[in-house]
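What follows is a single structure, written as structure tokens, with notes after it.
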Amino acid sequence: MNLLDGKKIAADIRAELREEVETLKAQGKRVPKLAVVIVGNNPASETYVNNKIKACAEVGIEAARIAYDESISEQTLLNEVTKLNNDPTIDGFIVQLPLPEHINESAILSAIDYRKDVDGLTPENVGRTVQGLPSLVSATPRGIRELLARYDIQTEGKHVVVIGRSNIVGKPIAMLLMQRPYLSLPGMSASSLGDATVTICHSKTRNLADICRTADIIIVAAGSPKLLTADMVRDGVVVIDVGINRVDDITSPRGYRLVGDVDFESVAPKAAFITPVPGGVGPMTIASLLQNTLQAYHS
Ligand code: NDP
């Protein structure tokens, strides 16, 4: 079993980006700038936003945090989006999800200029990704693809099973891995990725275990601890665990620990490669956001 060390690969990517930003500075050019809009005080969102801003600082990308109270109206948030769309000093921005219930998430995302949509969630970017046109790809799928590429794990002709059909993980990673390589997206390494035969599973899928047992690569993004167990995988499988779940743990000072969607202890011995949680896909997601910001800067 080999660990797919997202923490290390993400650090490599940050080092590469830091060098790129240093070069821009040395050439007297403006440094890239990311804005992060956060609404309310959801503790998980606060942590994600802080980590993103910290990562920006580490590579020299400027970051602006724009915070609004939970009670903000949809129109005020839309006005902020328009302002950021039109601000030439901002290369990319994200609106941290989830938003309060009274705000229509889809209306907010659709209002973002796709060229600044470094989360890759606008209908334009999703459509462009589907058509193989240059686009900003959602950060987690981009990170997964990059992780596979950097470990030289080929996907051509492989059976990839994706568990989860969300707009931010399941659908886009399935789309990326089934693409023809010549439609690979700019700014991504290893154009040999793609050409996989992809099966997308979800909560209504019958015989999930049978389907998983035919997989060469399994990507689990369900938000369900220990969903994938040893009896569901064959020897030599590659497992990407996207899940982040809090489970009670009285031995931890926080009273909980983070686990993925995979029963790591039982699956790891059968796997050729597997991501740990934490330290697998999570760090790659943030690294991809930084890559997307540089991509938006250059476009
Ligand atoms: P969603 O809740 O939007 O989607 C979950 C998907 O999994 C749904 O399609 C659901 O099916 C499916 N699913 C849930 N339970 C089962 C089951 N028992 N069997 C088969 N399918 C199932 O989640 P996200 O995609 O947003 O996130 C998934 C997980 O990944 C979460 O734990 C999240 O925290 C984590 N995550 C981690 C990131 C990272 O950077 N590491 C980034 C983003 C997310 P249905 O559609 O039928 O309901």
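Look at the alpha carbon pairs under 8 Å that are at least 6 residues apart: their mean separation over the length of the stretch 131-261 gives a relative contact order of 23 percent. In terms of overall dimensions, the stretch 114-184 has a Cα radius of gyration and Dmax of 11.7, 34 angstrom. Within the P(r) computed for the stretch 87-243, what percentage of the Cα pairs occupies the region above 18 Å? Of all Cα-Cα distances in the stretch 87-243, 60 percent exceed 18 Å.
Only protein heavy atoms count here; under a 1.4 Å probe, K171 has an accessible surface of about 100 Å². Sorting 226-234, 204-212 by average packing, meaning the other beta carbons within 10 Å per residue, from highest down gives 226-234, 204-212. Determine the relative contact order of the chain: mean sequence separation of Cα pairs under 8 Å and six or more apart, normalised by residue count, in whole percent. Dividing the mean separation by the residue count of the chain yields 21 percent. To the nearest Å, what is the center-to-center distance of the stretch 91-147 and the stretch 204-222, using C-alpha atoms only? Centre-to-centre (Cα) distance: 26 Å. Could you give log10 I(q)/I(0) at q = 0.14 Å⁻¹ for the chain, computed by the Debye formula over C-alpha point scatterers of equal weight, without solvent? Rounded to two decimals, the profile gives -1.08. Binning every alpha carbon pair distance of the stretch 1-105 at 5 Å from zero, what are the percents per bin? For the stretch 1-105, the binned pair fractions read 2, 11, 18, 18, 17, 13, 10, 7, 2, 1, 0 percent.
Sequence-ordered 3J(HN,Hα) estimates for the stretch 56-64 from the Karplus curve with 6.51, -1.76 and 1.60 and θ = phi - 60° stand at 4, 4, 4, 9, x, 7, 6, 9, 10 Hz, glycine and proline given as x. If both residues of a DSSP beta bridge must be in the chain, then about 10% of such bridges are antiparallel. Counting only residues at least eight positions apart within a chain, or on another chain, the lysines with an alpha carbon under 30 Å from that of K33 are K7, K8, K25, K52, K54, K83, K116, K171. As a fraction of the 1.4 Å probe accessible area of the chain, surface on carbon and sulfur atoms comes out at 52 percent. Per residue, the solvent-accessible area of the chain (1.4 Å probe, heavy atoms of protein chains only, all protein chains present) comes to 46 Å². For A67, nonlocal amide neighbours, meaning residues 5 or more places apart or on other chains whose placed amide H falls under 5 Å from its own, are I38.
Cross-link partners for K270 among the aspartates and glutamates, with Cα-Cα distance under 15 Å and sequence neighbours closer than 8 places in the same chain left out: D216, D231, D235, D241. Averaging 1/r across all pairs of distinct Cα atoms in the stretch 190-285 and inverting the result yields a Kirkwood radius of 14.2 Å. If R0 is 22 Å, what FRET efficiency do you get for H298 and A57 from their C-beta distance, rounded to 0.05? Approximately 0.60, to the nearest 0.05.
The values are calculated or read from the model by the stated rules, or taken from the named source; none is laboratory data. For clarity, every value in this text was computed on a predicted model and none was experimentally measured. Quick reminder, even Gly has a Cβ in these numbers, built from the backbone with ideal geometry, and neighbours come from all protein chains shown. The protein model used for the area step is the full one, side chains on, heavy atoms only, and it has no ligands, DNA or RNA in it. Shrake-Rupley method; radii C 1.70, N 1.55, O 1.52, S 1.80 Å.
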